[in-house]
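Undergrad: Below are the C-alpha cells for one structure; questions will follow.
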Amino acid sequence: MTKSVEDKDLERHRAKMAKRKEVQDAEVAEKTVEKGLLIVHTGTGKGKSTAAFGLALRMIGRGKRVGIVQFVKGAWHTAERDALEKFGDQVAWYSMGEGFTWETQDLSRDIAAAERAWAKAVELMDDPSFSLVILDELNIALRYDYLSFEEVVAMLKARRPDLHVIVTGRNAKPGLIEAADLVTDMTLVKHHFADGVKAQAGIEF
C-alpha cells in the first residue's frame, strides 16, 4: 500500500534534498588529491579479509591487476582464491602461511614463513603492473614480531605513489594505524560460533 503524501510535504522534501545535494556537491568538489591508499582492516569482527577481496573484485572490474599475499592462511584451501583466479593474469595469489602459531607450534618456522611472505609482498609492491596488493593477515605476523615492524611500515610508506595496499588482521599496531589513509575496525557484535554453529562452506571458507 502506497502512503499518500501531501503536496506541501513533497515540496519540503524536495527543497531539503536540493540543499543537501548542494552541500554534498561542494564537498566532493573540494577533494582533488588522487593517490595510492594504505588501507587497514582490523578489529575482532568477521569480514576483514572478505572486505579486502571485495575491493579486489572492484579493481579487477576496472581492468587492473591485483596481487594477494596470505601471511597466515595457506595451510587450508579457500574458495575466494578459486573465484578470483578465474580472472587469469589479473590476479596473482600467493598463500605463504602455514597456519596459526598454535597450529604450527614452531616459532622458527613461523618467522621463516612470514619472511618469505614479506619478500613476495615487496616483489609485488615493486611491480608497476599491480594496482592493488592485499597483505592478508599481515597484522598477525606483526603482532607476534615475526617481522620488523619498523621495516614493514617504512616500506609501506615508501611504496609507489599510485599503489593501493590493504593490510588485514586483528590487533593492528598503533604505528600502522597512524601511517594508514583508511582504517576500518570491524567490531564483533554477535557470532554464530557462540551458539555452536561450525564454520560453513561459502561463509567461513
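The values are calculated or read from the model by the stated rules, or taken from the named source; none is laboratory data. This one's a predicted model, so the numbers in the text were calculated from it and none came from an experiment. Don't worry about glycine lacking a Cβ; one is built from the backbone with ideal geometry, like all the others, and counts go over all protein chains shown. Calculation scope for accessible area: heavy atoms of the full protein, side chains included, ligands and nucleic acids excluded. Shrake-Rupley method; radii C 1.70, N 1.55, O 1.52, S 1.80 Å.
Undergrad: If we keep just the residues of segment 28-51 that are basic (Lys, Arg) and closer than 19 Å to residue 193 by Cα, which is most open to solvent (accessible area, probe 1.4 Å)?
TA: 46
Undergrad: Working only within segment 1-53, note down all residues that are among the basic types (Lys, Arg), more than 30 Å from residue 72 (Cβ to Cβ) and not in a loop (DSSP other than H, G, I, E, B).
TA: Selection gives 8, 12, 14, 16, 19, 20, 21.
Undergrad: Same structure again: Which one is nearest to residue 124 (Cα to Cα) among residues in segment 54-86 that are part of a helix (DSSP H, G or I) and basic (Lys, Arg)?
TA: Top of the filtered list is 81.
Undergrad: Which pairs have Cβ atoms under 6 Å, sit 6 or more apart or on different chains, and link a residue in segment 51-70 that is basic (Lys, Arg) to one that is part of a helix (DSSP H, G or I)?
TA: Close Cβ pairs (under 6 Å, with a partner that is part of a helix (DSSP H, G or I)) amount to 65/90.
Undergrad: Report, by residue number, each residue of segment 181-194 that is more than 12 Å from the chain's Cα centre (by Cα) and either more than 18 Å from residue 132 (Cα to Cα) or not acidic (Asp, Glu) (or both).
TA: 187, 188, 189, 190, 191, 192, 193, 194
Undergrad: Assess whether residue 75 counts as being surrounded by 15 or more Cβ atoms within 10 Å (Cβ to Cβ), modelled with pLDDT under 95 and touching an Asp or Glu at 6+ places or on another chain (Cβ under 6 Å).
TA: no
Undergrad: Which residue, of 65, 20, 58, is open to solvent by 90 Å² or more (accessible area, probe 1.4 Å), modelled with pLDDT of 95 or more and of a type in the set (Lys, Arg)?
TA: The conditions single out 58.
Undergrad: Select from segment 88-104 the residues that are modelled with pLDDT of 95 or more and over 19 Å from the mean Cα position of the chain (by Cα) and list them in ascending order.
TA: Listed by number, the residues that qualify are 88, 89.
Undergrad: On to the next question. Residues being in contact (Cβ under 8 Å) with a residue 60 or more places away in the chain and in contact with a strand residue (DSSP E or B) (Cβ under 9 Å, 6 or more places away or on another chain): count how many of those fall in segment 78-90.
TA: 1
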